[in-house]
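First the structure, in the form of structure tokens, and then the observations on it.
The values are calculated or read from the model by the stated rules, or taken from the named source; none is laboratory data. These numbers were taken from a predicted model, which means no experiment stands behind them. Every residue, glycine as well, gets a Cβ built from its backbone with ideal geometry; the counts of neighbours run over all protein chains shown.
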Amino acid sequence: MTTLAQFLPQHLQQHNIAVELGSVLETVVAACTDISGKVRLGALSGVLGMAGTGNVQGEDQKKLDVIANDILIHALKENTQVAGLASEEEDTFVAAHTDGKYLVLFDPLDGSSNIDVNISVGTIFSILAKPQGELATESFLQKGKNQVAAGYVLYGPQTQLVFTLKHGVFVFTLNEQNEFVLTQENPQVPAATKEFAINMSNQRHWLAPMQQYIAELLAGETGVRGKNYNMRWVASMVAEIHRILMRGGVFMYPQDTRDLSKPGKLRLMYEANPMSLILTQAGGAASNALEAMLDIEPNGLHQRVAVVMGSAEEVEYVNKLHQTA
Ligand code: P6P
């Protein structure tokens, strides 16, 4: 079995990728290994429940949100290759090393509302090259296609690391010695699927094209799509995207009419963009229902976006319904 420590140097050399980027990835992975240990113990390590604080998103923070955020920030600030970082849990970016080459953006614990009921959660990360000039918020506001790396760690029945350095997608599983071991190379997202993931309780708030799309799926073989679909909703994006990477499907969090000033619930820079890079590297597709996710010009660190991602046939079908509406 190949460990990450064995795999990474070979992969960097094979694809002429900077060793400094490898170092930043290793720092993220080491921090996530630490987070995994805390998540796994739950109540036994006193990390469950509310932190009693809120974040820039207006969300109540779980203790583990804060713990995971602190672990990642501390680890990344120790790495001289990191010029700065941005976190879902931090109002503004955090400067690190002036001469650092990379920016790291992350959602330290996505799906944390599931923590106290023992449902899978995860860390999502995105790595960008730091542009020339003084570090500023604008340094982070780069299109998703500019990412140099993206990945997630899923704290589920297994703890699994999935990442891409834009030369394929790789899946590692954490072993008893707390080492990540390569367990799958280049998973491919099937182009077609019979499985969709959306929070149906919001149905009455969706815009017409999304209402039409989901109604067609629910009509199954009696409707225009001519096949029956199944539905999943874990309320943990990392778990949904990993399932889709493994067996196909389409994941959606659409804009709705409750607040049209908000394009969606999920965040572009550290949720939608990294997941979109992974899925497109694996033959899937990702959009905001109108344009390719990786082409969206960011205008804010915490900007939200509508999300449609997974099996290419379904993403393209949803895009067409929205583009012709
Ligand atoms: P809802 C978790 O809070 C999250 O950001 C994603 O991980 C997840 O897909 C979504 O929100 C769940 O949202 O409205 O179903 O609770």
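Some notes on this structure:
- Any hit, the range 179-192, residues being hydrophobic (A, V, I, L, M, F, W, C), more than 16 Å from the ligand (Cβ to nearest atom), more than 17 Å from E316 (Cα to Cα) and touching a helix residue (DSSP H, G or I) at 6+ places or on another chain (Cβ under 6 Å): yes
- Within the range 60-81, the set of residues being of a type in the set (D, E) and closer than 17 Å to V117 by Cβ comprises D60, D65.
- Of all residues in the range 117-130, those that are within 14 Å of K145 (Cα to Cα) have Cβ atoms under 8 Å from Cβ atoms of residues that are modelled with pLDDT of 95 or more and in a loop (DSSP other than H, G, I, E, B), 6 or more apart or on another chain, in S126/Q147; I127/Q147; I127/V148; L128/Q142; L128/Q147; L128/V148; A129/K101; A129/V148.
- Lone qualifier among A136, A191, A215, A150 - being touching a residue at least 60 places away in the same chain (Cβ under 8 Å) and either surrounded by fewer than 20 Cβ atoms within 10 Å (Cβ to Cβ) or among the charged types (D, E, K, R) (or both): A191
- Residue match in the range 293-300 (condition: touching a residue at least 12 places away in the same chain (Cβ under 8 Å), among the acidic types (D, E) and not in a loop (DSSP other than H, G, I, E, B)): yes
- Any hit, the range 93-111, residues being within 16 Å of the ligand (Cβ to nearest atom) and modelled with pLDDT under 95: yes
- Residues located in the range 237-268, provided they are part of a loop (DSSP other than H, G, I, E, B), over 23 Å from G283 (Cβ atoms) and either more than 12 Å from the ligand (Cβ to nearest atom) or within 14 Å of the chain's Cα centre (by Cα) (or both): Q255, T257, D259, L260, S261, K262, P263, K265
- Number of residues in the range 270-288 that are within 16 Å of the ligand (Cβ to nearest atom) and either in contact with a Phe, Trp or Tyr (Cβ under 7 Å, 6 or more places away or on another chain) or outside any helix (DSSP H, G or I) (or both): the value is 4.
- When R247, R225, R243 are checked against the criterion of being at negative phi, modelled with pLDDT of 95 or more and surrounded by fewer than 15 Cβ atoms within 10 Å (Cβ to Cβ), a single residue qualifies: R247.
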